[in-house]
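Reading through the structure tokens given below for one structure.
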Amino acid sequence: MSADEVRELADIAALERLAADLGEVLGAGDVVLLEGPIGVGKTRLVSAFVAALGSTDQVTSPTYTLMHVYETPRLPVLHLDAYRLSGVQEYLDLGAGDFAHDSITMVEWGDRVADAYPEHLGLVLEFGQSGDTSRRCTIRSRGRSWQRPGILNP
Ligand SMILES: Nc1ncnc2c1ncn2[C@@H]1O[C@H](COP(=O)(O)OP(=O)(O)OP(=O)(O)O)[C@@H](O)[C@H]1O
Ligand SMILES: [Mg+2]
């Protein structure tokens, strides 16, 4: 398993560069679990990722709808939010696993459903020290490795 990678993100442009790098690395069946406090940028990162895959779809928070599907020229992106779920079983009942093999799955508050995904890429977002737009992203591989430059293998 690779060591964690830490990215300091000064602004949204840096977040978009991270999203573009993820777009180079991730493929069908991959799962990204997003962690971090309210308002840190989990939805914004999914939005940047969907855009990086070439979609013009508007990405919105699935906090109440629980699951959105975005079509992109490369692969569909499943966007889930585990914030309101009671646990893994309710999450599995949603049926997200049925589409996951052919899609990239991104789950906000994903630490709540980590038990359902022994293999995943974990992205932990934190507010930065300097200014309103500064964030830190810690990238963790769990259960497998993604061997591409820039993500976990600089
Ligand atoms: N560097 C940055 N990265 C991400 N978002 C940023 C950054 N700088 C400013 N923002 C702003 O922070 C806000 C992040 O909101 P967002 O809805 O993505 O958070 P969230 O983590 O999904 O929150 P929630 O827990 O409510 O789902 C957006 O308004 C975004 O424009
Ligand atoms: Mg959100």
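None of the figures in this text is laboratory data; all of them are computed from the coordinates on show. A quick note: this is a predicted structure, and the numbers were derived from the prediction, not measured. Here the Cβ is made from the backbone with ideal geometry for all residues, glycine too, and neighbour counts use every protein chain on show.
Details
- Normalising the average separation of contacting C-alpha pairs (under 8 angstrom, six or more residues apart) by the number of residues puts the relative contact order of the range 5-142 at 35 percent.
- Computed from label points 7 Å out along Cα-Cβ, the spacing between S61 and T138 is 2.4 nm.
- Cα centroids of the range 47-72 and the range 6-24: 17 Å apart.
- The range 68-145: GluC sites (Glu not before Pro) in DSSP loop, at most 16 other beta carbons within 10 Å: E71, E119
- When the range 1-137 is described by a simple charge dipole with +1 on each Lys and Arg Cβ and -1 on each Asp and Glu Cβ, the residue from Q129, L22, T60 located farthest towards its positive end is Q129.
- Three principal axis extents describe the C-alpha atoms of the chain; from largest down they are 40, 31, 30 Å.
- Every helix of 4 or more DSSP H residues in the chain counts as -39500 (n - 2.57), and over all residues that averages to -6500 deg cm²/dmol at 222 nm.
- Positive minus negative residues near R144 (Lys, Arg vs Asp, Glu; Cβ under 10 Å): -1
- Convex hull (Cα only) mean projected area of the range 70-114, reported in nm² to one decimal: 3.1
- Loop-located trypsin sites (Lys or Arg not before Pro) in the range 10-72, at most 10 other Cβ atoms within 10 Å (DSSP): none
- Residue exposure sequence - I12, I38, I104, I139 - by fewest surrounding Cβ within 10 Å: I38, I12, I139, I104
- Footprinting exposure proxy for L34, L85, L125 (fewest neighbouring C-beta atoms within 10 Å first): L85, L125, L34
- Taking the longest Cα principal axis of the chain as reference, the axis of helix 12-25 is set at about 60 degrees.
- Neighbourhood charge, 13 Å Cβ-Cβ cut-off, centred on G128 and excluding it, Lys, Arg +1 and Asp, Glu -1: -1
- Residue order, fewest to most surrounding Cβ atoms within 10 angstrom, among Y117, Y83: Y83, Y117
- Taking Cα atoms only, the orientation of helix 42-52 departs from the longest principal axis of the chain by about 90 degrees.
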